[in-house]
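**Student:** Input: one structure, supplied below.
Here, each number is a calculation from the coordinates, and none is a lab measurement. It should be emphasised that the depicted structure is a prediction, and the values quoted were computed from it without experimental measurement. Ideal geometry is used to build each Cβ from the backbone, glycine not excepted, and the neighbour counts take in all protein chains shown.
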Amino acid sequence: MPANRTPSLLELETRALQLAGHLHSDASLESKRSRFFSFFLSAAGFGDLASLRSYFLQFSPFLLPLAQGVTGCNRDPEELHRWLDVAVRFKSFIPDDAHDIDAAERTIRLAAILHALYAADHQLAARLLGLNRLDETVGTLSRLDAARLVAGQAPSPLREELLAGLQAWVAQTFAVSAHELRVLLIDESTLTDPGGSPVGVILPLHAEARERPSDAEEDHALINNQATFGRQALYWTLQDGLLAARAHMSPGTARRFYQVHYSLPEKTAEVSGSSLGLAAALLAWVTSRNRHYRTEVVRLAASAAVTGGISPNGKVTAVDSPTLAAKIRAAFFSPAERLFLPAANIAEAWPLLSTLEQRYPRRRLLLQPIETLQQALQDRNLIADRKPGAPRRALAALRRTRHKSFIAGIAAAAALGLLLATVPALQWWRDRQPALAELSEKEIIFKNQSGERLWSHPLGFTLPTGDRDFTRIVQLLIDDLDDDGRREVFFGINVSAFPEECGILHSFDSRGRALWPPLKLGQPLETRSGTRIRDHFYFSPILSVRIRAGQPKMLLFSIGSIHDFASRLVLIDSQGRVRGSYWNSGHIPVCAVHDLNGDGRMEIIAGLYGNEDGQARLAVFDTDEMQGASPQSKPAYTLEEMAPARHLRLFRFPPSPFWEPGAYRDVVGRIESFGENLRADIANSGMVKESNESILNFRMYGYLFSTTLEPIALNDPPDRFLARFRDIFGRDFAPADRARLEVIDEWDGTAWHTRRIGPASSPPQ
């Protein structure tokens, strides 16, 4: 039956009988929810409302049980909003017995609000909360901080329930675990739902490792859940994970064989297929290593979600294409920050994620492609590893032995342990790697993965009471830049009230010792017309980039004038030396690296805003030749004593339909790679003029570039763009409008030249 057609009474009765049978079956809770709410949503347009009362009476006992646990269902908040409408409709049909219905409505409302906050749709969350207005700063905060702010505005008791729900989000964001990893699965029951689509779920996969007897000849996997066996038997997926993990074990860990016991929280959940393989291998490696050393020397990030198969040789294999979209949706509508997935799926994953981001532009889910288990084990966004020292290895060996002659040694070790427990300076096992940071009134405090304080750095000023928004005040990067196994800390301060503290890059090793003196990156400037630009600059996000394989990573970011238009893009090596510097007469909102010509060395790509003409630009640089300034024709925007830069390519894009001089400007809002190709998305807040959100959240369309840096296509504008175009201009976006956007300018080193995008470079017609 078409989704837009109202069902007949006979069709409703048939579907009601099918629904009753399904609700009494062994199908999963997610499948039952999907069919239940689908039935009542399809009945919403039925004309004879009195005829529906019998269905509401018949199925009302199921509403509350189905609503319970819905906060963890990882669904689209708009879908949950529709479910809420169904619960409200139940109340209208059954007003006399509404206690359970009220409870179901509150539960679904809470779930819809939480998922709106996961998706950073604060306006939807506000509507569901009944708020007339939101705090104006909500659009400038991080996703989690914005969620906390919105929850704090909620009326009681919903406020307390929301804040309690956010605690799990906080824990997932910052926690690490030695036994759990969040995996993306498909609810098997939903694959057969008529007219529906597969539903993805995120579940914590738990693992425990124990040594097998000394005469064992192989590792062994167990799982305490129902499993579907067959050609893609779960058992063999887990065994392949164990084989892959063993190939990467240290010699000491590999001396014994292990039994790894896996479990999911839902013991009756049916799981099958190969997409647990990567997670199984990671957990096998982590738990066996920790078991060998009898302590948690390695842990996994709770903020990550993982999917992907595994081969015994450690190669990560692709997941099924039909289920990939459901898994991405589940990760998107969750607290997860990163999704680790097979590199073979990344090309089809990007468009799926982009579709969701067009609907929820403030939500950022990072896709991390993984080709091998080795690559995953080296990713510090997933693995928190520390090499055990000699004392730890000795104690572990002592604990593994069962010979009576070592009883005295064990007693001595216990005494030593007591001493070490009371003297922090002697605690060599303590995780001293910085991973987290927070602001206090006068300092930045750095902590390890467990949230233990390591050291701090004074701010040099006192923050106003209540102004502790970390993402606004500090741009921070914690990463192992020189690949020595220890993380370094890099940050800049953004507080306009203290401009003398801005534009300075601070660097520290893992123990809080300065790597190099504070690096002042701003400078006073003057234009050819005599305009003076003060030395007050703020930081953009700091990226770590590897220009060549086998070489240390570098820092790439921009600083922008607090008061004026000048910005500087800088590339800094692990020794604190500026390896590239580019000044632009306009801000630089995004930058990236990509090997565009396949020579094994990354090129630098930057999205620019040109204050002189108000148009968005895309610049590409050779990493060894990024020097100088952007080309300008007017003295007011030409920086004195700055030589013209040498660009590999420099493009200028035509004004968008929402472009207004001095008001709503175009910028490059995101740079993405699709295989060997590159896409630059254009953004303009003029799409939603009353919004307080960042301009980068209003991406409109994108330009696609080939490996030879040729502009080859303009992608189709999303529905949000088309709808706003219709609302503002009173007509549809026409072919002539698109043709105008397909004519761009390119800089040849001396002048701009107009060209039409396409497979071959061509002049405009």
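**Student:** Which residues among the stretch 637-667 fall inside the zone where the amide N is under 17 Å from a point 7 Å beyond the Cα of residue 523, along Cα→Cβ?
**Tutor:** Taking a point 7 Å out along Cα→Cβ of residue 523, the residues of the stretch 637-667 whose backbone N falls under 17 Å are 638-646.
**Student:** Between residue 486 and residue 17, with labels modelled 7 Å along Cα→Cβ, what's the label distance in nm to one decimal, could you check?
**Tutor:** Placing both labels 7 Å beyond Cα along the Cβ direction yields 7.5 nm.
**Student:** Would you kindly state how much longer the chain becomes between residue 171 and residue 53 on full extension, computed as 0.36 nm times their sequence separation minus their alpha carbon distance, in nm to one decimal? If you can, show how the numbers build up before the last one.
**Tutor:** Details: separation 118, 0.36 × 118 = 42.48 nm, distance 4.35 nm.
In short, 38.1 nm is gained.
**Student:** Also, I was wondering about something else. Calculate, axis by axis, the spread of Cα positions in the stretch 176-385 along the three principal axes, and write the results as whole Å, longest axis first.
**Tutor:** Here the spans come out as 55, 35, 27 Å, largest first.
**Student:** Moving to a separate point now. How much space per residue, in cubic angstrom, does the convex hull of the C-alpha atoms of the stretch 521-756 take up?
**Tutor:** On the way: hull volume 29.7 nm³, N = 236.
Taking the convex hull of the Cα positions in the stretch 521-756, it is 126 Å³ per residue.
**Student:** Once you sort the root eigenvalues of the Cα gyration tensor of the stretch 481-600 as a ≥ b ≥ c, which label holds: rounded (a/c under 1.5), prolate (a/b larger than b/c) or oblate (the other case)?
**Tutor:** Numbers: a/c = 2.55, a/b = 1.38, b/c = 1.84.
Oblate shape, in that a/c is at least 1.5 and b/c is the bigger or equal ratio.
**Student:** For residue 224 paired with residue 133, estimate the spin-label separation in nm (one decimal), with each label point 7 Å from Cα along the Cα-to-Cβ line.
**Tutor:** Label-label distance for residue 224 and residue 133, simple model: 5.4 nm.
**Student:** Rounded to the nearest 0.05, what FRET efficiency do residue 215 and residue 24 give with R0 = 45 Å and r taken as the Cβ-Cβ distance? Could you check? Intermediate results must be reported in sequence, preceding the final value.
**Tutor:** On the way: r = 50 Å, r/R0 = 1.12.
Efficiency at R0 = 45 Å is approximately 0.35.
**Student:** Say R0 is 30 Å: what FRET efficiency, to the nearest 0.05, do residue 44 and residue 163 get from their beta-carbon distance? If you can, show how the numbers build up before the last one.
**Tutor:** Details: r = 33 Å, r/R0 = 1.10.
In this case the efficiency is close to 0.35.
**Student:** Also, quick follow-up: Describe numerically, in nm with one decimal, the distance between label points set 7 Å from Cα along Cα→Cβ at residue 509 and at residue 641.
**Tutor:** The two pseudo-label positions are separated by 3.6 nm.
**Student:** OK, next. Just to be sure I follow: if Rg is taken over the C-alpha atoms of the chain and Rh is the Kirkwood radius over the same atoms, what is Rg/Rh? List each step's numbers first, then the result.
**Tutor:** On the way: Rg = 28.6 Å, Rh = 29.0 Å.
Result for the chain is an Rg/Rh of 0.99.
**Student:** Same structure, new question: Expected output is a single nm value to one decimal: the length gained when fully extending between residue 740 and residue 549, i.e. 0.36 nm times separation in residues minus the C-alpha distance. What is it?
**Tutor:** Working: separation 191, 0.36 × 191 = 68.76 nm, distance 4.10 nm.
Separation in residues times 0.36 nm, less the Cα-Cα distance, equals 64.7 nm.
**Student:** At R0 = 51 Å, how high is the FRET efficiency between residue 9 and residue 578 if r is their beta carbon distance? Nearest 0.05 is fine. Mind showing how you got there, number by number?
**Tutor:** On the way: r = 75 Å, r/R0 = 1.47.
The calculated FRET efficiency here is 0.10.
**Student:** Order of 311-319, 716-724 by packing, highest average Cβ count within 10 Å first?
**Tutor:** Numbers: 311-319: 18.8, 716-724: 16.3.
Top of the packing list down: 311-319, 716-724.
**Student:** Note the full-extension length gain between residue 371 and residue 320 as 0.36 nm times their separation in residues minus their Cα-Cα distance, in nm to one decimal. Show your work: numbers first, answer last.
**Tutor:** On the way: separation 51, 0.36 × 51 = 18.36 nm, distance 1.60 nm.
Result: 16.8 nm gained on full extension.
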